[in-house]
Each structure stands twice: as structure tokens, then as C-alpha cells.
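Please read the structure below before turning to the comments.
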Protein chains: 2
Amino acid sequence: MQIISGSNSIEFSKELSKKMNWELSIPNYKIFNDGESYLRLSKPPTEEIIIIQSLYYPQDTHLMQLYNLISTAKRLGSKNITVYTPYFSYARSDKEILQYEAISARTVLHILEMLGVNHLITLDIHNPQIFKFAKTMKITNIYPIKSVSNYFKTHLSNLKNILIVSPDQGAIQRAEMLANEMGLKFTSLEKTRHPITGNVQVTTKHTKVSSETVIIVDDIISTGTSLAQASSLLRIMGVSTIHYFITHFLSSEALDALKEISDGIIISTHSVPGIVNQISTIDDLCEVLSR
Amino acid sequence: MQIISGSNSIEFSKELSKKMNWELSIPNYKIFNDGESYLRLSKPPTEEIIIIQSLYYPQDTHLMQLYNLISTAKRLGSKNITVYTPYFSYARSDKEILQYEAISARTVLHILEMLGVNHLITLDIHNPQIFKFAKTMKITNIYPIKSVSNYFKTHLSNLKNILIVSPDQGAIQRAEMLANEMGLKFTSLEKTRHPITGNVQVTTKHTKVSSETVIIVDDIISTGTSLAQASSLLRIMGVSTIHYFITHFLSSEALDALKEISDGIIISTHSVPGIVNQISTIDDLCEVLSR
């Protein structure tokens, strides 16, 4: 197996190479004056490869690089291509809400499949339902439950009576998985979107949340508005400490929003570069690759 | 036939709709806070459609929009899809110069073909050899010879003794086509690239260029350095007036470089928005579409 590192995943690829003792190929990347991406593989690709590329902003450039990596490796003889996208852009464009809308996640999955990807590995994708758009490509979605659980077990002095909270009902499985792994209870708040203004409101059917400490888990945070709202609601219900695990942490604006509400622990994965404590997904990835 | 306008080709699409009396669909485009593109068709696509999208900077975003337009139209029932890309990005990445390089033009052509494009129309592509990468898709490359010829005939008072010049030998066919259409003579300079520094030098085997007025024709200008060099050489050979037709005019920096050398006419097509006089390719496109 050879690892081909995307332009933005070099450190992670080195880590994986060391851990699995697999050959590492770091292509030469540059951007021309006119904005076009150039890349050149550092060595001939082997038959079996794994390409690692996170698709955060500028996502269209990172996508183009990924398409070029796959296409080039395929042309030069690779037969079995695995792709790991720690951040999968366009994941939230997963269905037609208004008629005739583009379903961008479908477009990206189609292109990856048609270029010849055999196995796509994603990390805590917004909506696993989108995988139905792929016809032949195998897809595995990692939820980094062990890494997150270990982090909290190491960094929190008293785990007893902590409640795991999902900020909406749709994503309650994330809370459930982590709660089971950590031996804790879980619940969810309710998020409703105003049909006309589009504003989000967070409420709860539970009259009280009994814990003084909670861990909110969510997949993506961009501005932080709805998670700040969820946190305020928990405060009103008597919660004194709020910790956060957000898989994909998109902006420093969001960090400011959370820090205003709580001085708890805030962690994310390495899927998007940032200033939040980041946990590696390498153990979770290796588990998938060793199956 | 229905015309679906790319985000950057709305005026041209309106012009085409009027001229051909075809239905026009202008999708709703926006860019989300995180940089992702959104689009929604304005009406159901018909069985037969033409999508128009120029692929200049930010080319990866314009490519993603194009992929989404094709994919959405196909999903909603379009069966015969023509795409016109006045500017085709990555056209210069047309072969491996160093081993293991990505051939980006090949990647883009593959994706368009696999998404279901039946007919791709390009405008004065850098190297038509790249079309061999498409297996089933029909491809037509427009050279806007009539529009350019008409422009010069209208704007130059004395056409006699004008020489058409290609700045390198590889592209001499462009000069030949225009010369034939205008009833003029043509020649080419020679461009050599230093194997180590990569610097471009323009020379000529001809001891003299007999005309006092020339028209330089080229496909792309980015910084303007090599065309300025070609122009200086012609000056030394006694040319007093230099006009330019450059199909794809990428930067204002290039305009400055040319204006320093000559006060002749400078024209381009509408393929990239800019400050140079632009001629429309609508007649050339309609001719292809009417075949």
C-alpha cells in the first residue's frame, strides 16, 4: 500500500505512513499565476493506494486536486484506490429542498466513483443517506468515538453524572454512540427552523436537565449561532459546565461564540485546520483499513 | 432547445436566446459563508439543452458549478447535453512534461464526458490534441475567424500589405486561417524555452519582415512577457504598427505590457471579462449549432 498525500494532509499522511509502515508519496503542488493547480506525483503510484485529502475551503480547489490525484494515479497504473476525506465538502447539500436545486454531494460522489475510486472513507458525514447516490463504490463513514471518549476520560476529573447532549433530534445517534462508549446518559434538544425567516430556534421537551455538566456533540459548526443558543438554553436549565466535541470546526467566529457561553473543553478533529484542540482520527482510520 | 446560463455567461446566454429564439433558463446562484456554491435551476430542464459557462478564475468554482449544472439537468431528465465553454481552464496542462505530472485537461474532459455531456464546444483551445482524451463525447473547437476578420476590416482603413504573425511555430495555423480569410500573408516567429531557467526567447529565421503593419494572433496572454518580446523583435525589424488579436485575455498586466510597445488595436473575445475590446463569438457558435 502506498499513501499519496493531498496538499493539505501531509502531517497526517506522515503519521499514517509511520504507523502502518506504508510507503509515502508527497506530490509537488503549486498554484500558477492564473489560479490553476499543478501537481506532480513524487514517485510512480503502486497498484493499491490511499489518497488523503481534506476538502475544506477553498473546497473547489481541493476537489480539483483530488480529482487530479485520482485521475493521474489511475492513468499511471493504480488499480485499487481508497480515498480518505477527513472533511467532505458539500455534505450539507444532500437533498432537493426547493425544486430543481443542485444536490452537490451527489455530484461530488458521482465524480469520485466515475474517476475510479473503489473505497471512499469519510469522517462523521453530515447525512449518511447521501451514500445511496454511489452505485458501485464502497463507502465507510468513521465516527471517531474511541478517540473522543479517550480524550474526555483523560481530561475530565469526574466523569460521573455527565450528560451527552445532541443539539437536535436528527443527530441523536452521535450522542448515543459516545454515551454508550463512555458509560453515560444522553439526550437531545430540538432545533426548529422558521419556515419563512429561516431562523433556527432551539427548545426542549424535557422540563429539566438533571446534570450540572454536559458534553454537546455535533458534526459541523460554522458561525456558532445555533450551538450558542443551545448552550444558553442548557444554562437556563441549571447546567454549569458545558464541554463540546464538534467534528468539523469551520471558523474562529464559532469559537468566540462558544467561549462566551462556557469555559469548558472544546475539541474537534484535524479535518479543518484551526485553533481548537484537535484529536487525530488515525486510530479510527487504521481500524477501518485493517478490516 | 433550452439555454442554461452559467453564473458568468448571462449576457451571452440572453443574446443567444434572442438570436435563436430558444428558451432561456437563468439559475439562481449563490456562494455560502463557508465558500460552497449553491445553484437552483429556474425551470425544469428540457430534453435538449445547451449550458454556457466560461471557466476563467476562480476556475475551480466555475468548474464545480458546471459539474453541478450538468448533473442536475441530467437527474431532472435532460437527454442531450451540449456545453459551450468560451474559456476552457487547464487547457495548457495538456501533456506530461515531467514524469508523473497530472494532465489536468484530461481530468476535466473525462469528468465532463462521464457526467453525460454529449457535445462539448470550446473556443480556440490551446492544443486540440487534448480532445483525444475524450472517448465518446463529440467536440467542436471554434476559431472565431469571421468575427475577427470582420472586426479588422471595419476598423482598419488600409488592409493592404498587413502581415499576420503567429508568435510561435506551433500556432501558425491560427495565423494561416485568419490570413486566408482576410486575403493577407502570414508568417511566424520562433519561441524557444530555455531548458534550465524556463525563460522564453523569441527569434526569427526571416532576415526581415517586409510589412510596416502586422497583426499578431495568439490564443492566451497571461503576463504579456513573451508577446512583448515578440513585439520588440518586430519593431527592430522595422514594423511600425502592431495590432493584436488574443482570444483569451487573462490580465490587465498583459494589457499594460502590450500598450508600452504599440498603440495598435488590441482585441479579444468575451471568454474572460476584461478591459480589452471584446468581440462576440455568437455568430461562430450559431454556425456550429445550426449544422
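The values are calculated or read from the model by the stated rules, or taken from the named source; none is laboratory data. Quantities reported herein were computed from a predicted structural model and do not represent experimental measurements. Counting neighbours? That spans all protein chains shown, and the Cβs are built from the backbone with ideal geometry, glycine included. Only protein heavy atoms, including side chains, enter the accessible area calculation; ligands, DNA and RNA are left aside. Shrake-Rupley method; radii C 1.70, N 1.55, O 1.52, S 1.80 Å.
Things worth noting here:
- Pairs exceeding 19 Å between alpha-carbon atoms, taken from B:Lys74/B:Lys138; B:Lys95/B:Lys132; A:Lys19/A:Lys79; A:Lys146/A:Lys259; A:Lys95/A:Lys132; A:Lys160/A:Lys259: A:Lys19/A:Lys79; A:Lys146/A:Lys259; A:Lys160/A:Lys259.
- For the range B:2-142: span of alpha carbons on each principal axis (Å, largest first): 46, 36, 26
- Across chain A, the relative contact order, built from alpha-carbon pairs under 8 Å that are at least six residues apart, equals 12 percent.
- Aspartates and glutamates whose Cα lies under 13 Å from that of B:Lys18, excluding same-chain neighbours fewer than 8 positions away: B:Asp283
- Carbon/sulfur fraction of accessible area - the range B:195-272, other protein chains in place, 1.4 Å, %: 48 percent
- Radius 12 Å from Cβ of B:Asn28, net charge of other residues (Lys, Arg +1; Asp, Glu -1): +2
- Using the 1.4 Å probe convention, the accessible area of the protein assembly as shown works out to 44 Å² per residue with neighbouring protein chains retained.
- Cβ neighbours within 10 Å from other chains - mean over A:35-47: 4
- C-alpha center-to-center spacing [the range B:148-174, the range A:112-135] in angstrom: 52 Å
- Percent accessible area from carbon and sulfur atoms, the range A:61-171, protein chains only, probe 1.4 Å: 48 percent
- B/A buried area, accessible surface, summed, 1.4 Å probe, Å²: 3800 Å²
- nm² value of the averaged projected area, convex hull over the Cα atoms of chain A: 16.8 nm²
- Each pair of Cα atoms in the range B:166-291 enters the Kirkwood radius, and Stokes-Einstein at 10 °C and 1.306 mPa s then converts it into a translational diffusion coefficient of 103 µm²/s.
- For the protein assembly as shown, the share of DSSP beta bridges that are antiparallel, to the nearest 5, is 20%.
- Net charge of Cβ neighbours under 13 Å - reference A:Ser104; Lys, Arg +1; Asp, Glu -1: 0
- Look at the stretch A:61-71: the mean tally of other chain Cβ atoms within 10 Å of its residues' Cβ atoms is 5.
- Given in Å, the Rg to one decimal and the Dmax to the nearest whole number for the Cα atoms of the protein assembly as shown are 28.1, 94.
- Proximal lysines to A:Lys153, defined as alpha-carbon separation beneath 18 angstrom and excluding residues fewer than eight positions away on the same chain: A:Lys185
- Highest average packing first - B:154-165, A:118-129, Cβ atoms within 10 Å: A:118-129, B:154-165
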